[in-house]
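The values are calculated or read from the model by the stated rules, or taken from the named source; none is laboratory data. In this text the structure is predicted, and so the values were computed from the model without any measurement. Positions of Cβ are generated from backbone atoms using ideal geometry, with glycine treated the same way; all protein chains shown enter the neighbour counts.
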Amino acid sequence: MAIQIVGVIGCGLMGSGIAQVCAQAGFPTVVREVSAELVEKGLKGIEKNLARLVEKGALTDAARNEVRGRLKGTTLLDDLKDCDLIVEAIIEQLPAKRELFGALDKLCPPQTIFASNTSSLPIIEIAASTGRPQRFVGLHFFNPVPVMKLVEVVKTIATDSAVYEEMVAFGAKLGKTPVRANDGGGFIVNRLLVPYLLDAVRALEEGVGSVEDIDNSMKLGCGYPMGPFTLLDFVGLDTTYYISQIMFDEFKEKRFAAPPLLKRMVLAGWNGKKSGRGFYDYADPANPKPMQL
Ligand code: 3HC
């Protein structure tokens with residue numbers, strides 16, 4: 001079955017990026033948020049990204065209009081009933097995802113494929129809320145979605161092989177490099193990335209170096225585009241803390257345990273760039289000030 005119409009649930013940072021790349025790849029895309037304000041906010045973000053591409057000459061004005069024409073924002077789940085594939089990118093809470101997919105399962109015909117963009121919840125536990133776990137995969141994108149070239153295509157113990165191959169091909173049609181990952185905690189990227197980020201916090205706690213020096217070390221010594229603290233602030237400290245808890249629960253290994261400093265920063269509401277403060281203070285966004293311990 002060829003995918004023709006894509007549905008995206010959630011038009012936040014990840015959902016809007018996913019909707020954008022689907023529409024840019026030529027798929028009519030319906031993106032749903034819970035309120036008209038959030039639909040508008042998400043679509044505005046996409047509009048800004050497209051404008052940047054036109055300015056740079058990476059997209060013609062006519063192509064931008066075609067992308068716009070393929071995108072439809074809605075607050076109604078019903079508007080997704082004709083989609084061939086639905087990608088979920090809502091809040092990282094298992095009960096919310098299970099409830100959503102339970103409703104979609106009743107709404108959509110049996111052939112519709114379901115995918116979750118969760119970064120760390122077991123896909124099978126979400127899939128089990130539907131009567132079609134064989135047509136359920138993980139499609140894990142990376143922030144910023146329009147820029148990052150990877151998509152992890154996650155297969156559970158129940159995913160049908162033909163559906164899985166179709167999703168791998170779909171990832172490639174989006175212009176991403178699809179990698180095949182099993183439904184183990186954190187898949188591939190977070191399995192490696194999360195212990196690295198947590199180790200950076202442990203190094204800071206132990207006085208190995210300052211925020212700025214540790215960031216510069218990994219940027220300039222290893223060629224990473226962002227140092228670990230800049231990346232933590234970018235991903236969100238709350239998000240990283242949440243993922244680490246799920247992974248610790250899965251593996252019971254110390255390397256996945258959140259360091260006390262990370263936990264305390266999250267408790268203080270210092271969630272990174274989005275909250276104005278994390279390992280850097282963004283009071284002057286053009287000149288973030290590193291935290292001094
Ligand atoms: N949306 C769309 N495009 C964006 C963007 C955004 N939010 N942010 C940057 N860009 C584009 C810019 O327009 C620019 O395009 P151009 O090269 O065609 O002109 C390009 O990206 C580079 O941007 P900048 O020059 O402004 O800045 P940088 O060179 O510093 O790149 C970055 C920004 C791409 C974010 C780079 O710093 C980077 O790759 N950082 C690491 C990001 C990363 O590791 N992401 C994964 C996080 S983990 C995750 O998402 C998984 C989850 O489960 C935790």
Those helices (runs of 4 or more DSSP H) completely within the range 45-142 that have 3 or more residues that are among the basic types (Lys, Arg) are 61-70, 94-107
Just one listed residue, out of Leu94, Leu59, is assigned by TED's automatic domain parsing to the domain that holds Tyr164 and crowded, with 18+ Cβ neighbours inside 10 Å, and it is Leu59
Considering residues that are more than 16 Å from the ligand (Cβ to nearest atom), among the hydrophobic types (A, V, I, L, M, F, W, C) and part of a helix (DSSP H, G or I), the number found within the range 187-213 is 3
(message) Quick check on the range 21-29. Is at least one of its residues within 18 Å of Val151 (Cβ to Cβ), assigned to a helix (DSSP H, G or I) and more than 13 Å from the ligand (Cβ to nearest atom)?
(response) yes
Within the range 219-248, restricting to residues that are in a helix (DSSP H, G or I), free of Cβ contacts under 8 Å to residues at least 24 places away in the same chain and not hydrophobic (A, V, I, L, M, F, W, C), the one that is nearest to Phe279 (Cα to Cα) is Lys219
It is to be established whether one or more residues within the range 151-170 are within 14 Å of the ligand (Cβ to nearest atom) and either part of a loop (DSSP other than H, G, I, E, B) or under 16 Å from Ala25 (Cβ atoms) (or both). yes
Every listed condition ((1) surrounded by fewer than 16 Cβ atoms within 10 Å (Cβ to Cβ); (2) within 27 Å of Gln93 (Cβ to Cβ)) holds for Trp270 save (1)
Condition set free of Cβ contacts under 8 Å to residues at least 12 places away in the same chain and of a type in the set (A, V, I, L, M, F, W, C), scope the range 195-217, selection nearest to Phe279 (Cα to Cα): answer is Ala203
* To do: Take Met148 and decide whether it is closer than 29 Å to Phe248 by Cβ, crowded, with 22+ Cβ neighbours inside 10 Å and among the aliphatic types (A, V, I, L, M).
  => no
Of the residues in the range 151-170, those that are under 14 Å from the mean Cα position of the chain (by Cα) and either among the small types (Gly, Ala, Ser) or surrounded by fewer than 16 Cβ atoms within 10 Å (Cβ to Cβ) (or both) come to none
